[in-house]
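A.B. asks: Below: one structure in structure tokens.
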Amino acid sequence: MDQETLGSIVLLAIVTLISVVQNAFFANKVEHESRHCNGKGVQRQGSSYFDRVYTANQNCGHAYPTFLAVLWCAGLLCSQAPAAFAGLMYLFVRQKYFVGYLGERTQSTPGYLFGKRIILFLFLMSVAGILNYYLVFFFGSDFEIHIKTITGAISPLLLIP
């Protein structure tokens, strides 16, 4: 792979690898809590704390493929840096959701809602990249610079709760 191609995906790869480490942390937390409650391997019955850990892990796992798909689509089709920034924000929010779910379930709601907003942003970046591709293909109009400027300017707004 040449340096230019690598440079266009390295941030996305870093965010993906960080998300893998986070998934391993969540799975380790489930395993630890299962052994702590039952003294055996991973089992689905246990304390209410184990149930919360297990459910939080499952909820995070269900959204993970969607996150990876929109992260890579937004980064490849639109702009890598804002997509990677949004991906890091999503991982932070997912951590907040996981930890919030372990307390009162209402503590996880802000993380959940914030995560949905980040997924929407990545989805819209992907759609903008696809639309730009077809505008270039059919009409010869390239709006890539404008789209990158807009997504770069909007991505810090993700920090606003």
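A.B. asks: Only residues that are hydrophobic (A, V, I, L, M, F, W, C), surrounded by 12 or more Cβ atoms within 10 Å (Cβ to Cβ) and either in a helix (DSSP H, G or I) or in contact with a strand residue (DSSP E or B) (Cβ under 8 Å, 6 or more places away or on another chain) (or both): list them for the stretch 139-156, please.
C.D. replies: Those that are hydrophobic (A, V, I, L, M, F, W, C), surrounded by 12 or more Cβ atoms within 10 Å (Cβ to Cβ) and either in a helix (DSSP H, G or I) or in contact with a strand residue (DSSP E or B) (Cβ under 8 Å, 6 or more places away or on another chain) (or both): 147, 150, 154.
A.B. asks: Filter the stretch 92-138 down to residues that are open to solvent by 30 Å² or more (accessible area, probe 1.4 Å), part of a helix (DSSP H, G or I) and among the charged types (D, E, K, R), then give me how many there are.
C.D. replies: Of the residues in the stretch 92-138, 4 are open to solvent by 30 Å² or more (accessible area, probe 1.4 Å), part of a helix (DSSP H, G or I) and among the charged types (D, E, K, R).
A.B. asks: Every residue in the stretch 1-28 that is surrounded by 17 or more Cβ atoms within 10 Å (Cβ to Cβ) and out of contact with any Gly (no Cβ under 6 Å at 6 or more places or on another chain), please.
C.D. replies: Correct list: 11, 16, 19, 22, 26.
A.B. asks: Could I ask something else about it? Would you mind telling me which numbered condition in (1) more than 9 Å from the chain's Cα centre (by Cα); (2) at pLDDT 95 or above residue 71 fails?
C.D. replies: With (1) more than 9 Å from the chain's Cα centre (by Cα); (2) at pLDDT 95 or above applied to residue 71, the lone miss is (1).
The values are calculated or read from the model by the stated rules, or taken from the named source; none is laboratory data. A quick note: this is a predicted structure, and the numbers were derived from the prediction, not measured. Using ideal geometry, Cβ is built from the backbone for each residue, glycine included, and neighbour counts are taken over all protein chains shown. Please note that ligands, DNA and RNA were not included when accessible areas were found on the heavy atoms of the full protein model with its side chains. Shrake-Rupley method; radii C 1.70, N 1.55, O 1.52, S 1.80 Å.
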